[in-house]
Structure formats: structure tokens, C-alpha cells
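What follows is a short report on a single structure.
The values are calculated or read from the model by the stated rules, or taken from the named source; none is laboratory data. Please read all numbers here as calculations on a predicted model, not as lab measurements. Note that each Cβ is placed from the backbone with ideal geometry, even for glycine, and that neighbours are counted across all protein chains shown.
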Amino acid sequence: MKSYLGLIPISAKLRRRQNRMTLLCIIFAVFLVTAVFSMADMGIRMEHTRLLHKHDNLTFQDVMNSTTGQTLCLTAAAFFVLVLTAGVLMISSNINSNVTQRTKFFGIMRCIGMSKQQIVHFVKLEALNWCKTAIPIGVILGIIVTWGLCAVLRFLVGGEFSDIPLFGISLVGVISGIIVGIVTVLLAARNPAKRAAKVSPVTAASGNSENTVPINRAAKVNLFKVETALGIHHAVSAKKTLTLMTGSFALSIILFLSFSVLIEFVGYLMPQSAAASDINISSIDTSNEVDRTLLDKIGKMDGVKHIFGRRSVFDIPAQLNSNTVEIDLISYDDFDLDCLVKDDMLKKDSDISKVHGNSNYALATWDKDSILEIGDKIRVGSEELEIAGLLKYDPFRSDGLTDGEITLITSSDTFIRLTGVTDYSLLLIQTTRDVTDEDVTAIRDILDQNCTLNDLRDQRTSGTYTAFVFCIYAFLAIITLVTVLHIVNSISMSVSSRIKSYGAMRAVGMDKHQITKMIAAEAFTYALSGGIVGSIAGLLIYRLLYNALIAAHFSYAVWSLPTIPLLLILLFVCMAAIAAAYIPAKRIRSMAISAAINEL
Amino acid sequence: MNLLEVNNICKTYGNGETSVHALKKVSFCVSKGENVAVIGESGSGKSTLLHIIGALDTPTSGKVEIGGKDIFSINDRKLTIFRRRNIGFIFQSFNLIPELTVEQNIIFPMLLDYQKPDKKYLEELLTILNLQERRNHLPSQLSGGQQQRVAIGRALITRPSLILADEPTGNLDTQNSSQVIALLKEASKKYEQTILMITHNRRIAQSADRVLQVSDGVLTDLGRRRE
């Protein structure tokens with residue numbers, strides 16, 4: 001050993017278990033930043049290739065100035081700051097607990113002549129020592145995950161992501177990962193190092209190194225079983241830990257609900273309908289002049305996956321509640337009607353099965369001001385139609401509002417019976433993945449002069465939508481994973497600080513099952529308080545974001561309680577609490593009682 | 001009649017050249033109601049022996065029987081219940097539950113059994129231990145002597161047949177030490193309990209019925225006290 005710093009690798013070997021969580025945090029931070037920056041780099045390379053196809057003379061600067069380039073850089077920078085902050089907080093709390101557990105050790109070091117400055121140096125170098133293993137692991141993980149994500153985007157999402165490189169290694173990603181690892185650790189070690197330097201040499205001499213939090217109130221053993229009462233008391237007696245843990249749980253709920261609004265917002269921005277078409281064939285003057293035989297003809301052609309048609313007649317007189325009104329009537333083929341169900345377009349209590357075939361039922365478009373209700377009857381000519389269901393909004397208008405007009409959707413057979421019109425006003429075609437321009441030209445060639453063909457293939461948004469939703473979920477997964485790790489670690493530290501007390505309880509007769517219940521009661525108290533605070537704050541923020549992002553721009557949008565996201569995140573909170581209790585409980589259970597009593 | 005029988009207990013820490021033999025073929029018996037003191041240098045293996053007898057640790061080899069029951073032949077859950085009901089522990093550092101009051105600490109083993117304590121017996125214990133007025137205090141509000149009296153109460157509440165005390169007066173001054181030992185003896189006599197007590201205090205050891213000495217893991221019976 002050349003100097004006192006030679007103690008660092010020896011101590012790291014001995015304290016491998018205690019350092020595991022810190023190592024995990026560093027690996028996690030490095031992995032995240034490497035992956036995010038590598039993905040951003042791959043995105044820019046993809047954009048570069050895409051733009052090169054369009055323009056021959058293109059510099060890197062041009063790509064960076066493009067909207068995609070700037071969005072990617074900005075997102076990566078925001079990630080960097082977020083990961084750095086989360087990383088510093090988590091690693092700092094780990095190093096802090098490490099220092100607390102070794103108060104006596106630092107006291108001895110001071111006793112035998114280590115200066116305060118040397119202690120600071122020791123703690124910082126010890127933290128940097130972890131980087132030796134954690135950074136390479138984090139970087140390699142980041143690169144592998146980037147390859148995986150690129151493969152997913154290229155082969156599963158496709159579209160605009162077809163040009164993304166597969167096995168690229170991003171130098172920017174790797175360097176950012178290394179920098180974040182070192183900077184996080186150095187920033188995180190600063191305060192614990194100062195704390196360690198403050199340890200008095202008397203601590204070692206007196207042996208009085210236990211950190212005891214004063215307890216002023218007794219546990220409520222008459223309300224709960226003793227182990228449950230003690231667990232709850234452990235959670236509520238340490239106010240700082242309770243606040244931090246409640247905050248951690250609440251934060252994950254708030255973030256989840258906020259991101260749910262974002263996903264809903266993207267859904268409104270880029271509505272993904274099962275009936276979305278790639279090619280439209282319509283009659284020139286909105287009349288029904290598209291020959292009905294085209295449906296079968298085109299349906300058999302290459303590159304066509306689905307074809308379905310609509311007929312329409314506008315402003316036909318009808319009787320509603322003994323008032324004369326004008327209505328629009330539109331026919332939907334069975335595939336189109338089925339898509340309404342798939343897209344969850346129908347309001348509650350709607351029964352679309354009545355509409356199929358030759359029937360006396362119809363669907364109606366709807367908005368907040370609409371007077372129509374399910375069960376209403378409308379007389380069209382000599383026939384009476386009953387409203388079997390309502391759409392959540394008016395899909396035929398860009399703002400989704402009906403403007404007081406009545407639009408009824410019937411099946412093809414019902415429409416033909418009511419109007420006698422058999423030809424279509426619009427044919428919608430969904431193409432196969434491998435459709436070629438020649439296939440589209442072949443379709444165009446069989447059309448007569450009354451029809452016009454609109455090729456919408458370039459306007460597909462499903463790739464962007466999937467990538468966006470994927471990114472939101474990935475981000476959400478990362479945030480929740482960080483929160484869970486933090487919660488597990490905090491409860492584990494709380495258990496470590498009471499290990500001697502647990503040993504004494506085991507000695508006087510507490511069984512392993514009761515120990516587990518006690519730790520679980522502590523974890524669930526945090527989860528309960530976090531769940532309550534998180535649900536209230538999360539719902540308020542959800543409502544605010546909904547109003548600002550969705551209701552303000554999409555007037556047909558109706559706010560409803562996000563029951564499913566809320567239940568999902570509460571389920572996740574419960575699972576996090578179970579995980580948080582399981583790991584330290586397992587550690588205590590496997591520990592010999594005499595070892596626990598003699599701890600510290 | 002023997003309450004405790006220890007047969008050929010060995011305890012070894014580590015393997016190979018670095019192994020340490022903490023206990024070497026320790027055997028002895030203790031009769032019901034007997035008050036035995038265990039003496040020895042620091043690191044001689046006294047606490048290891050006490051921990052093994054109390055089933056807080058397992059021996060490398062050998063057998064311990066309490067009331068005719070081989071304690072290491074039963075599973076962990078049953079062993080915990082056996083310990084809770086039949087063995088009372090008193091530690092040097094008291095090891096009270098800081099979140100529980102004096103009364104709750106005393107009845108803690110009963111609470112772990114989900115049983116209601118015998119109120120008359122609890123009052124009797126509180127009176128003997130002179131803790132009636134402190135019953136609702138937390139351990140942090142008590143002196144060292146009072147805390148050790150609570151620990152004695154906790155060890156007696158289930159009326160165990162065996163009380164294991166690991167230097168119960170190690171953290172107390174002379175006056176408190178005498179009081180605690182007197183209380184322990186009085187209670188054990190009253191409730192016919194066997195005491196096995198580690199002590200460094202020669203006076204306390206001399207007042208025991210029998211003295212055992214542990215030296216480098218080897219136990220020697222120093223014999224009975226002359227009346």
C-alpha cells in the first residue's frame with residue numbers, strides 16, 4: 001500500500017454489498033445518458049440521410065438547423081439535466097448513508113492522524129473508484145439498448161424511420177455517458193465528504209457512533225397488531241423520510257398522469273383511426289357517381305389491403321319530435337362500422353349491432369350541444385329510424401362539432417332502401433406495406449372521368465405517432481424505475497439503521513413473518529400517503545394540462561376522470577411498495593439474530 | 001432435575017487456517033431454579049455460548065436441550081415461538097424498543113403472541129420492579145437502571161423457565177447493579193426460574209449458586225457456592 005488511499009480498493013471489496021445500490025445508480029445514470037444521446041445522434045444521422053435523398057448539397061449544420069435536429073438536441077439536453085439531477089440526488093443519498101454507517105471508521109481515521117482534507121479526498125476518490133466498473137457497464141448497456149431501439153424503429157415502426165442506422169456507435173453518446181458518470185459522482189460526493197470530515201475523533205474513542213433520532217411518541221399498539229403498529233410508527237416518526245418517500249411516490253403518480261394527458265394530446269393531434277385510408281377515390285362533384293362495381297374490381301388489385309365505400313345525401317327533410325329538420329345521411333360499409341367500435345368512437349350505451357344489415361336504426365354524430373339521444377326516432381320519408389348510438393364527436397368536420405346539424409350514419413343496405421342510391425360518393429383504400437407507385441397508377445387507370453384519386457400515403461402519421469408514444473412510455477418507464485430504485489433504497493437504508501433493534505425484537509420472540517409484516521407496514525404507509533397526495537395533486541395537474549393542451553384546442557373533447565391510468569399507477573405504487581419491503585425484509589430474515597444484535 | 005443440558009457444543013468461525021474455534025466441546029447441565037454465573041475474559045466465548053443456548057445462533061456441532069427438548073431439531077418458526085415463551089433475555093445494552101412505552105416493552109413478547117397479558121401479573125411485576133409510575137414513559141425518558149429493570153420485566157412476563165442475561169449490569173453503576181441483581185434473584189426465586197448470567201463482576205459471580213468459567217472456548221465448572 002503506497003499511501004492511505006490504498007485503503008480504498010480494499011474497503012470497496014469488503015463493502016461490496018453496501019455499495020451495490022450506489023454502483024447501480026451510477027450505471028443507470030451513465031446508461032440513460034449514453035442511450036438518449038446515442039438515440040438523438042442516430043436520429044440526426046437518419047435525418048441527414050433522409051435530407052440527402054432530397055437535396056444533394058447538405059452540410060451537418062443544415063441538419064442541426066432542421067426542426068427534427070433541433071428537437072432531438074433539445075430533448076437530449078433536457079434528458080441530460082433530468083438524469084443528472086436524479087442521479088446526483090440518488091447517489092448523494094447513497095454515499096450519505098455509506099458515510100453514516102462508517103462514522104466510527106472515520107472517527108478512527110481522524111484519531112490516528114488523518115486530516116479533514118484527507119478525509120474529503122478519501123470519500124471523493126472512493127466514489128470515483130466506483131466509476132471504474134460502473135461507467136463501462138453503463139456505456140455498454142447504453143450502446144446495446146440503442147441498437148435494440150434502432151432495430152425496433154427501423155423494422156417495426158418503419159416509415160420515416162427506415163433510414164435509421166442499425167449498429168451505429170455514437171461518440172457523442174459515449175462521451176456524454178462518461179461525463180455524466182464522473183460529474184454526477186463528484187457532485188454527489190461533495191456533501192457526504194464534508195460530513196465525513198466533520199466526524200469527531202472522540203466518536204471512535206467513546207464508541208458512541210449510533211445516530212439516534214429522538215422518539216417522542218409511542219406506537220399505537222392498541223389499534224393494530226404490534227408489528228404493524230411499529231411499522232407504521234417507523235414511517236411516521238421520521239418526518240423527513242416520510243416527506244421524501246411521500247414525495248417520491250406522489251411524483252411517480254403525478255408524472256404518470258401528466259404523461260397520460262400528453263399521450264391523449266398526441267391522439268388528438270394525430271388521430272389514429274382503424275379506418276384511416278391511404279388512397280381516396282371520390283366523385284368530382286360530391287355526388288354519388290363512383291361506380292359500385294369498382295369496389296370489387298379494386299379490391300382484387302395488387303397492393304390493396306382493404307377497400308370500403310361511403311354514400312351520402314345531404315339536406316334531406318325529416319321529422320324529429322314533430323319538427324321538420326334537414327339531415328345528412330351517410331352510409332358505412334360493415335368494415336367502416338366495425339372500425340368505429342375499434343376506435344372507441346361510440347358513446348356509452350350505444351348498440352352498433354342494431355345498425356348492421358337492412359334495419360331501422362342509425363348512428364348520429366354528437367357534441368355537447370347536441371339534442372339527440374339514444375332511442376330518439378327520426379322519420380325520413382315514409383320510414384322511421386331509431387338512434388341506436390351516438391358518436392363522441394362529428395368526424396366529418398375539422399373542429400369535431402356538429403354546429404346544430406344532424407348527421408346520421410346507416411348501413412349500406414339501410415341507406416339503399418331509404419334513398420335508392422347504390423353508387424358511392426367515396427371509396428377508401430388501405431394499402432399493403434409493399435404497395436408500389438405502379439400499383440397506384442394501375443388503380444388510377446381504371447377510373448373514369450367522374451372520379452378523382454387522392455394518394456395520401458405520404459401523409460401517414462402512424463409511424464410518428466408510434467415513435468412518439470413509444471418515447472413517452474420509455475421516458476415514463478425510466479422515471480418510474482428511478483423512483484422505484486430510490487424508494488427501495490430509502491426503505492433499505494431505514495431498515496439498515498434499525499438493524500440492531502430488529503435483532504433485539506427477533507431475540508425476544510418476533511418471528512420472520514412478523515419482521516416482514518413490520519417492514520411492509522412501513523413501506524405501505526409511505527405508499528398510502530404518497531398515493532393520496534399523488535392522486536389529488538396528479539388529478540389537479542391532469543385537469544389543468546387537459547384544459548390547456550386539449551380542451552383549449554379541441555372543443556369537442558370532454559374531460560373525464562382518468563380511471564384506467566389512475567388505477568394503473570396505483571397498482572404500480574402497490575407493486576413498488578411490495579418490492580421495497582421484500583428486498584430489505586429478505587436481508588433481515590437471512591441474517592443471524594446474534595449478528596443483527598452485534599451490528600455496529 | 002435438569003432444565004438445561006448442553007452437550008459437546010462446538011462453534012467455529014471461518015474455514016481452514018483462518019478458522020477460529022470460539023467454543024470447544026462445551027458440556028454442562030443446569031437444574032431447575034438454579035442461578036449460574038458464567039465468567040471469563042473478553043473474547044473467551046461466553047456470549048457465543050449464551051447466544052447458542054438462547055437459539056440466537058447455531059452451533060457447528062453439539063446439542064442443546066431445554067426442558068428435554070432439542071432446540072435445534074425444530075424449525076425456525078417453532079423455535080422462535082419456543083424462545084418467545086420459554087426463554088427470557090436480558091442484554092447489557094438493554095435493547096428495549098424505543099417506540100414502545102415501559103408497559104408495552106414489558107408485554108412485548110405477549111403482543112408478539114397476539115395474547116392479552118395477565119393484568120394482575122403485570123401489576124405485580126411493575127410493583128416489584130418499581131416502575132408503576134413510569135409505565136407510560138418511553139425508554140429515552142428513563143435512566144440506565146430503570147431501562148434494565150424494564151428489560152427484566154420483559155424477560156419475566158411470559159414466566160419463562162430459563163433467563164439468559166448477558167452482563168446485565170455492564171452499563172450500570174454499583175448501586176443500580178446491586179438493585180437489578182437483587183430484583184432478578186427475587187423474581188426468579190418467586191417464579192422458580194433458572195438464571196444463566198454472564199458477568200465480569202466478581203461479587204455478583206460469588207453470589208450465584210454455581211460458577212462456570214469459559215477460557216479460550218473451553219468451559220470449566222468452578223463448583224457450587226458454599227452456604
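Filtering region B:113-158 to residues that are in contact with a Pro (Cβ under 8 Å, 6 or more places away or on another chain), surrounded by 14 or more Cβ atoms within 10 Å (Cβ to Cβ) and closer than 21 Å to residue B:175 by Cα leaves B:139, B:147, B:148, B:150, B:151, B:152.
When restricted to residues that are modelled with pLDDT of 85 or more and among the polar types (S, T, N, Q), region A:552-568 contains 2.
Consider residue A:398 carefully, then state whether it is over 30 Å from residue A:153 (Cα atoms) and either under 42 Å from the mean Cα position of the chain (by Cα) or at pLDDT below 90 (or both). Yes.
Hey, among the residues in region B:85-120 that are among the charged types (D, E, K, R) and more than 22 Å from residue B:180 (Cβ to Cβ), which one's nearest to the other protein chains (Cβ to nearest Cβ)? Only one residue tops the list, namely B:99.
Yes or no, residue by residue, for (1) over 21 Å from residue A:428 (Cβ atoms); (2) in contact with a Ser or Thr (Cβ under 8 Å, 6 or more places away or on another chain):
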| residue | (1), (2) |
| --- | --- |
| A:333 | no, yes |
| A:338 | no, no |
| A:351 | yes, no |
| A:354 | yes, no |
| A:359 | yes, yes |
| A:366 | yes, yes |
| A:384 | yes, no |
| A:395 | no, yes |
| A:398 | no, no |
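Taking the options A:120, A:152, A:172, name whichever one is under 23 Å from the mean Cα position of the chain (by Cα) and in a helix (DSSP H, G or I). Criteria check complete, one pass: A:152. Checking each residue in region B:139-160 for being at the interface with chain A (Cβ under 10 Å from one of its Cβ atoms), touching a residue at least 24 places away in the same chain (Cβ under 8 Å), part of a helix (DSSP H, G or I) and polar (S, T, N, Q) picks out only B:140.
Evaluation of residue A:227 against the conditions (1) outside any loop (DSSP other than H, G, I, E, B); (2) modelled with pLDDT of 80 or more; (3) within 32 Å of the chain's Cα centre (by Cα); (4) buried (at least 18 other Cβ atoms within 10 Å of the Cβ) shows that the sole unmet condition is (3).
The residues listed here are B:77, B:85; of these, the one that is part of a helix (DSSP H, G or I) and under 30 Å from residue A:215 (Cα atoms) is B:85.
Only one of the numbered conditions (1) touching a residue at least 24 places away in the same chain (Cβ under 8 Å); (2) surrounded by fewer than 20 Cβ atoms within 10 Å (Cβ to Cβ); (3) farther than 30 Å from residue B:94 by Cα is not met by residue A:528, and that is (1). Taking the condition farther than 27 Å from residue A:221 by Cα, in a helix (DSSP H, G or I) and either modelled with pLDDT of 90 or more or within 13 Å of the chain's Cα centre (by Cα) (or both), does residue B:50 pass? When the stated conditions are applied, residue B:50 passes them. If you check A:16, A:45 for being at pLDDT 75 or above and either in contact with a helix residue (DSSP H, G or I) (Cβ under 9 Å, 6 or more places away or on another chain) or of a type outside the set (Val, Ile, Thr) (or both), only one passes: A:45. Under the condition of being surrounded by 14 or more Cβ atoms within 10 Å (Cβ to Cβ) and on the phi > 0 side of the Ramachandran plot, which residue from region B:29-84 is nearest to the other protein chains (Cβ to nearest Cβ)? Going through the qualifying residues, I end up with B:55. Applying the set (1) part of a loop (DSSP other than H, G, I, E, B); (2) within 41 Å of the chain's Cα centre (by Cα) to residue A:408 leaves exactly one unmet item: (1).
For every residue, the table says whether it meets (1) surrounded by 19 or more Cβ atoms within 10 Å (Cβ to Cβ); (2) not small (Gly, Ala, Ser).
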{"site": "A:252", "(1), (2)": "yes, no"}
{"site": "A:290", "(1), (2)": "yes, yes"}
{"site": "A:297", "(1), (2)": "no, yes"}
{"site": "A:309", "(1), (2)": "yes, no"}
